Every structure is written in structure tokens, then in C-alpha cells.
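Below: the structure, in C-alpha cells.
The values are calculated or read from the model by the stated rules, or taken from the named source; none is laboratory data. Bear in mind the structure is a predicted one, so any value in this text is a computation, not a measurement. No Cβ is skipped: glycine too gets one built from the backbone with ideal geometry, and neighbour counts run over all protein chains shown. Side chains are part of the model used for accessible areas, which takes the heavy atoms of the whole protein and leaves out ligands, DNA and RNA. Shrake-Rupley method; radii C 1.70, N 1.55, O 1.52, S 1.80 Å.
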Amino acid sequence: MTCFTAILPPMYEILAAEATTPQWIAAIASVISALGGAAGFAALVITLKRRRTATRLPPFELRRLLHELEEMLGELISNGGMPTDWFLAPEQRRTSQLLASYSGLLADDELNALVSQARVAADDCWAAAPPVLPGAAAAGLPPTELAEIDQRLERQLEQARTGRDVLLRAISRLDELVRESTRTRTPV
């Protein structure tokens, strides 16, 4: 083995002045290759970051659904509560069902949690809804049932206010995600 090392000296023993043209070409090619690999890796990292950001962007229709739910809760609050049959209207059910289906598609954990909380608040409003509102329809009911209707309406309004606050935070988070997405997409 010592005979082999005596014939071919290790590479670090070759001085720059003694290097031949092929050795210089090989050294320059290695440096260029390393720089090309680093540039390729940087391009890969940038591409993956942009793709990850793009997939975090929620579906476009989510904004419309959040505003629809906000309008529904606003109507409920402005009317002082709504009976059970109001929640059975097709547009109210459709909005809630679509929001439920989008919860699995949201990659942003904070937005997903806010949308889920808003849906739960809307469902709690429905659960607290009395069969009838106080007035002509409830005229013949005993005082205990009228008191229960008032309590249910208070719970419903409390849940609607909570849901509206959560919806405003969800819309704000959605706006923030869209701004981040457009900021990363603009060329520098």
C-alpha cells in the first residue's frame, strides 16, 4: 500500500503553481457545478414556498359564505330573535352546509377554527330558537312557556352576537391570508 501512495501523491500536496491546465479546468468546473447546485436548490426552496402559500389560500367562495352568515346573524339580532322555522329556509341551511364542507379544505388552522366557531354559534342559535315568537302566535300560552321563550331568545341573541364577532375575526383572517398570498406572488 505504501508503494501506491508513493507513486500518486495526495491531491492536497499539489501546489497551485504546479497544477496543470486540465487540473485548473477540473477545479473551475467543480466550483461552477457547486454554484449551479446551490442556485438550483434555492430555486426549489422558493418554488415550494410559493406553492405552499398558494395552497393555504382558502376557496374564493368562502368570503361570500362568511358574509352571508354574518347577514343572517345580523337579521336575527335586528329582529330580536327568530323562530325555529326561519332556520329551515333553504338559504340558511345551504350556507351552513357549505361552510361545513369547506372546513375540511381550509389549510390555515386559525381560519379553520374561526369558521368552525362561527358555524357552532349559528347552530346554537338554531338550537335556542323557540317554536314561536312572543306575540299573537304565543297569546294563549301559559306564563311559564312565555318565560321559557324569552330565555331561549336571550340565549339565541347572545350566540348570534358571539357568532358575529367570530365571523368578523374570520373575515379579517381571510383578508390577511389573501394579502400574504398576493405579497408573495408579486415579482421582486
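Report yes if some residue within segment 80-95 is touching an Asp or Glu at 6+ places or on another chain (Cβ under 7 Å) and at pLDDT 85 or above; otherwise report no.
From segment 80-95, those touching an Asp or Glu at 6+ places or on another chain (Cβ under 7 Å) are 95; that's our starting set.
The next check asks that each one be at pLDDT 85 or above; those that pass are 95.
Checked against the condition, which is being touching an Asp or Glu at 6+ places or on another chain (Cβ under 7 Å) and at pLDDT 85 or above, segment 80-95 yields at least one hit.
You will find that of Q151, Q92, the residue that is open to solvent by 30 Å² or more (accessible area, probe 1.4 Å) and without any contact (Cβ under 8 Å) to a residue 60 or more places away in the chain is Q151 and no other.
Based on this model, can you work out whether E158 counts as modelled with pLDDT of 85 or more and not small (G, A, S)?
Working: modelled with pLDDT of 85 or more: yes; not small (G, A, S): yes.
For E158, the condition - modelled with pLDDT of 85 or more and not small (G, A, S) - is met.
Among the residues making up segment 95-109, those that are in contact (Cβ under 8 Å) with a residue 12 or more places away in the chain and more than 15 Å from A122 (Cβ to Cβ) are L105, L106, A107, D108. The number of residues in segment 69-85 that are closer than 21 Å to P134 by Cβ, assigned to a helix (DSSP H, G or I) and open to solvent by 40 Å² or more (accessible area, probe 1.4 Å) comes to 5.
Taken together, L133, L111, L157 contain a single residue that is touching a helix residue (DSSP H, G or I) at 6+ places or on another chain (Cβ under 8 Å), closer than 30 Å to K49 by Cα, aliphatic (A, V, I, L, M) and open to solvent by less than 70 Å² (accessible area, probe 1.4 Å), which is L111.
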